[in-house]
Each structure stands twice: as structure tokens, then as C-alpha cells.
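> Have a look at the structure that comes next, please.
The values are calculated or read from the model by the stated rules, or taken from the named source; none is laboratory data. The structure presented is a predicted model; accordingly, all values stated were derived computationally and were not measured. Cβ sites come from the backbone with ideal geometry, for glycine too, and all protein chains shown count toward neighbours.
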Amino acid sequence: MLHLSSPQAMANADTVMASAELPVSPDEVIAALVTKEVERWWGSPETYCMTGWAADLRAGGSWRVTVRSADGRRLPASGKFLEIETPRRIVQTRRYDWEHPTLGRHETTAAYLLEPIDDGTRLIICHGGFAGFPDAAAEHAEGWARVLGWLQAHLGCRLAA
């Protein structure tokens with residue numbers, strides 16, 4: 001099992017940056033991020049889980065998912081794929097289809113950038129569009145660090161001490 005560092009994330013007033021090292025190929029990372037596989041790992045019983053993932057994986061195609069919160073609420077989210085250059089880059093819009101407490105229904109854009117490294121892939125997430133929503137940017141930085149930790153665990157990582 002590959003020993004990797006913990007995921008990192010930070011935000012400024014407009015953009016969240018997050019990264020993680022993963023012990024699998026870029027193609028396997030892409031599959032975990034944008035196929036029904038997200039339902040297997042994105043979430044935890046004490047936070048939320050993803051259900052009903054559906055995606056038309058092409059530039060201009062749409063995606064949608066329902067987030068089921070720990071308290072049972074069903075919170076839909078959706079977007080469109082703007083760029084798909086597998087296995088190196090996927091850019092998509094993201095929007096909560098409900099009144100998110102810090103972001104409302106404001107649309108943001110997330111880019112997944114994948115770089116082959118020794119023994120795996122470095123995933124960098126650049127999530128922009130938070131201008132005017134600094135609390136949402138900070139919250140999403142925390143969220144991406146947590147999500148990337150779940151992804152590492154799903155892909156069989158053991159973090160270095």
C-alpha cells in the first residue's frame with residue numbers, strides 16, 4: 001500500500017485549490033470522480049452520501065446527483081461538463097439546486113487536473129466562482145479536503161505519519 005500525504009486545500013475570496021496523491025492511474029481517478037462510482041465513496045454516514053448519480057460524460061453534457069444528508073434531507077446538485085480531456089482534465093459547472101446556506105444556487109466551476117506521478121496520480125482541484133461568497137469558499141476548501149480524504153481511503157491509501 002502506497003504511503004501518501006494528507007490532502008491539502010486552501011481558499012481565497014474567489015477560488016478553492018485542493019490536491020491529493022492517489023495510488024492509481026489517472027483513468028481510475030477519473031472513473032471515481034465522474035461515474036456512478038462516486039456513490040460508493042463520496043460521503044460518510046455522519047455527513048452525507050451521494051445517490052442517483054447520472055452523467056452525460058461529454059463536453060456540453062449534463063450531470064446530476066442527490067446528496068442525502070445524515071438527517072435524511074435530499075439535496076439535488078447538477079451542472080454541465082465544459083471540457084473533457086481524459087485522463088488529464090475535466091472541467092464542470094456545479095450548482096446546488098436548493099438554497100445552500102452560504103452559496104445559494106450560485107453556479108461555480110470545478111476543474112479536475114490529473115498528473116501522473118511515481119506510483120499513481122496527483123489530483124488538483126481548482127474550484128472557482130466564489131467571488132462575493134467568501135464563507136462558501138472557506139467552507140468548500142474544508143469540504144474538498146474531507147472529500148479527497150474519502151477518495152484516498154476508497155482507493156486504498158494509507159497516509160504517511
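> For segment 84-97, how many residues are surrounded by 13 or more Cβ atoms within 10 Å (Cβ to Cβ) and acidic (Asp, Glu)? Write out each step before concluding.
First, the residues of segment 84-97 that are surrounded by 13 or more Cβ atoms within 10 Å (Cβ to Cβ): 84, 86-97.
In the following step, the residues that additionally are acidic (Asp, Glu) were identified as 97.
Going through segment 84-97 one residue at a time, the tally reaches 1.
> If you don't mind, another one. Report every pair of residues separated by at least 6 positions or lying on different chains whose Cβ atoms are under 8 Å apart, first residue within segment 142-160 and modelled with pLDDT under 90, second assigned to a helix (DSSP H, G or I).
Taking only residues 6 or more apart or on different chains, the pairs are LEU159/GLN152.
> Would you confirm whether any residue within segment 66-83 is of a type in the set (Val, Ile, Thr), within 23 Å of LEU114 (Cβ to Cβ) and crowded, with 16+ Cβ neighbours inside 10 Å?
Just the residues of segment 66-83 that are of a type in the set (Val, Ile, Thr), to begin with: 66-67.
Checking the rest, the ones that are also within 23 Å of LEU114 (Cβ to Cβ) come to none.
Taking every residue of segment 66-83 in turn, none turns out to be of a type in the set (Val, Ile, Thr), within 23 Å of LEU114 (Cβ to Cβ) and crowded, with 16+ Cβ neighbours inside 10 Å.
> Which number in (1) more than 22 Å from PRO7 (Cα to Cα); (2) touching a helix residue (DSSP H, G or I) at 6+ places or on another chain (Cβ under 7 Å); (3) in a strand (DSSP E or B) marks the one condition that GLY79 misses?
(2)
> Right, another one. When you look at LEU103, is it surrounded by fewer than 16 Cβ atoms within 10 Å (Cβ to Cβ), out of contact with any Cys (no Cβ under 6 Å at 6 or more places or on another chain) and of a type in the set (A, V, I, L, M), yes or no? Let's see the steps before the verdict.
On the way: surrounded by fewer than 16 Cβ atoms within 10 Å (Cβ to Cβ): no; out of contact with any Cys (no Cβ under 6 Å at 6 or more places or on another chain): yes; of a type in the set (A, V, I, L, M): yes.
It is false that LEU103 is surrounded by fewer than 16 Cβ atoms within 10 Å (Cβ to Cβ), out of contact with any Cys (no Cβ under 6 Å at 6 or more places or on another chain) and of a type in the set (A, V, I, L, M).
> Out of (1) in contact with a Gly (Cβ under 7 Å, 6 or more places away or on another chain); (2) surrounded by fewer than 19 Cβ atoms within 10 Å (Cβ to Cβ), the odd one out for THR47 is which?
(1)
> From the list ALA55, ALA13, ALA18, ALA77, pick out the single residue that is at pLDDT below 95 and aliphatic (A, V, I, L, M). Working first, answer last.
Numbers: ALA55 fails: at pLDDT below 95; ALA18 fails: at pLDDT below 95; ALA77 fails: at pLDDT below 95.
Just a single option satisfies the conditions, and that option is ALA13.
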